[in-house]
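These notes are about the structure you will find just below.
Here, each number is a calculation from the coordinates, and none is a lab measurement. The structure displayed is predicted, hence computed values, not measured ones. As a convention, Cβ positions derive from the backbone with ideal geometry for all residues, glycine included, and neighbour counts pool all protein chains shown.
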Amino acid sequence: MPWPTLPIENLPAWAYLNDVSFHNAKVTSTKGKGYGVVCNKSLDATDGTSDAPALLTVPHDLVLNAAAVDEYAKEDRNFRQLLDAVGHHVTRQNLSLSRTTHPPSYPHAWAQN
């Protein structure tokens, strides 16, 4: 089953509805590489620290992390069985497997060039 995609033109609306903010950055097509986040200004630290400025603000609920995987496993018995079968050290390959069996509840797959 192919992963569903949305037109890249829908990204600003999706970001707004999901409280994702772009800071001096935009998503644009890059030659030969598809879409990417491109910064509109220098990434040099301006306040004398070694920290570069943030490009995105993403709500915690949208970030896939171990806690989110464990929480979802509590809610979905089939996902729990899948997680137990592959072990609790989830790799990118295992995540791809879970995507094929459990589509996400929010659209986040964007069209490729």
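Residues in region 1-18 that are in contact (Cβ under 8 Å) with a residue 12 or more places away in the chain and under 13 Å from the mean Cα position of the chain (by Cα): how many?
So the count comes out to 3.
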Considering only region 2-34, state which residues are loosely packed, with under 12 Cβ neighbours inside 10 Å and touching a Ser or Thr at 6+ places or on another chain (Cβ under 9 Å). W3, D19
